[in-house]
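Engineer: Quick one: the structure is below, and I'll ask about it shortly.
What follows draws every value from the coordinates through simple rules; no lab data is involved. As the structure is a computational prediction, the values presented were derived from the model and not from experiment. FYI the Cβ positions are ideal-geometry reconstructions off the backbone, even for glycines, and counts take in every protein chain you see.
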Amino acid sequence: MHKGFTLWFTGLSGAGKSTLSHLVAERLRALGAKVELLDGDVVRTHLSKGLGFSKEDRDENIRRIGFVCELLSRNGVIAIAAAISPYRAAREEVRARIPDFVEVHVECPLEVLIERDAKGLYKKALAGEIAHFTGVSDPYEPPRAAEVVIDSSRETVEQSVDRVWSALESRGLIGVAGS
């Protein structure tokens, strides 16, 4: 058996939150852990359908994800959230409700994100075709004290996953054997 906790990936669109969260989830599941992944894009189509992109709606989206993470964590499930979650206060509100909360800030310079831009979102946002785009026309408030800070422009995916894993081990949330 393992202890439930929440692993929260935050950062700009395209920084690598989904990629890293999926890989960490796979690694945990391979060791027999019960894991649920709440990816921001998926949550928006199901749990938060109907919410827009105003500050209030973005905060409500994070509260909903946080509520699910809280329920899962206290029932022995490892909850992994991967969501832009642009506002510090909303993330801190969620952190305050979940005893074992580990925040992972996935940083990446805007110039690199624009280069990567697989979905073409930055190009549209910079052209004014997408209103309220975090990091371009809407703010992103980075965490002040994330447990893990990853610069996805300088680290390999494997290095980043290993750093997250080490942080979980050092906090006693997973053992050397992963449980």
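Engineer: If amide H atoms are built 1.01 Å from N in the plane of the peptide, which residues on other chains or at least 5 residues away come under 5 Å of the amide H of Ile80?
Structural biologist: Amide H neighbours of Ile80, under 5 Å, 5+ apart: Leu7, Glu36, Leu37, Leu38.
Engineer: Within region 5-170, how many lysine pairs that are 8 or more places apart, or on different chains, have C-alpha atoms less than 29 Å apart?
Structural biologist: Value for region 5-170: 13.
Engineer: Within a Cβ distance under 14 Å of Ala82, other residues only, what is the Lys/Arg minus Asp/Glu net charge?
Structural biologist: -2
Engineer: Separate question: Is the shape of region 110-152 best called rounded, prolate or oblate, per the rule: a/c under 1.5 gives rounded, else a/b larger than b/c gives prolate, else oblate, with a ≥ b ≥ c the square roots of the Cα gyration tensor eigenvalues?
Structural biologist: oblate
Engineer: Per-residue ellipticity at 222 nm for the chain, helices alone: DSSP H runs ≥ 4 residues times -39500 (n - 2.57), over residue total, nearest 500 deg cm²/dmol?
Structural biologist: Rounded to the nearest 500, it is -13000 deg cm²/dmol.
Engineer: Then there's this: Could you list log10 I(q)/I(0) for region 29-158 at q = 0.15, 0.16 Å⁻¹, which the Debye formula gives when each Cα is one point scatterer?
Structural biologist: Taken in order of the listed q values, log10 I(q)/I(0) reads -0.82, -0.93.
Engineer: I'd like the orientation of helix 157-170 relative to the chain: the angle between its Cα long axis and the longest Cα principal axis, in ° from 0 to 90, rounded to 10.
Structural biologist: Relative to the chain, helix 157-170 is tipped by roughly 50 degrees.
Engineer: Sticking with this structure for a sec: Quick one: order Leu71, Leu12 by neighbouring beta-carbon count within 10 Å, fewest to most.
Structural biologist: Leu71, Leu12
Engineer: Take the alpha carbon gyration tensor of region 99-179, find the square roots of its eigenvalues, order them as a ≥ b ≥ c, and report rounded if a/c is under 1.5; if not, report prolate when a/b exceeds b/c, else oblate.
Structural biologist: Prolate is the answer for region 99-179, as a/c is 1.5 or above and a/b outweighs b/c.
Engineer: Can you compute the label reach from Ala145? Point 7 Å from Cα along the Cβ direction, backbone N cut-off under 14 Å, restricted to region 94-116.
Structural biologist: Answer for this model: 95-96, 101-103.
Engineer: Also: Step through the residues of region 16-33 one at a time and calculate ³J(HN,Hα) from phi using the Karplus curve (6.51 cos²θ - 1.76 cosθ + 1.60, θ = phi - 60°), rounding each to whole Hz and writing x for Gly and Pro.
Structural biologist: x, 4, 5, 4, 5, 5, 5, 5, 5, 4, 4, 5, 5, 5, 4, 9, x, 6
Engineer: What order do you get for Val148, Val68, Val157 when you list them from fewest to most C-beta neighbours inside 10 Å?
Structural biologist: With the fewest neighbours first, Val148, Val68, Val157 line up as Val157, Val68, Val148.
Engineer: Oh, and also: Please list, by residue number, every one of the GluC sites (Glu not before Pro) in region 97-142 that is coil in DSSP and has at most 15 other beta-carbon atoms within 10 Å.
Structural biologist: Those that pass, being in a loop and sparsely packed, are Glu129.
Engineer: Taking the 0 to 90 degree range and rounding to the nearest ten, how far is the long axis of helix 55-74 tilted relative to the main principal axis of the chain, both from C-alpha atoms?
Structural biologist: It is inclined by approximately 10 degrees.
Engineer: Right, another one. Full extension from His22 to His46: what is 0.36 nm times the residue separation minus their Cα-Cα distance, to one decimal in nm?
Structural biologist: Stretched fully, the His22-His46 segment lengthens by 6.8 nm.
Engineer: In whole percent, what relative contact order does the chain give with Cα contacts below 8 Å and a gap of six or more residues?
Structural biologist: Relative contact order comes out at 34 percent.
Engineer: Treat the count of other C-beta atoms within 10 Å as a stand-in for reagent exposure and order Ser13, Ser54, Ser85 from fewest to most.
Structural biologist: Ordered by Cβ neighbours within 10 Å, fewest first: Ser54, Ser13, Ser85.
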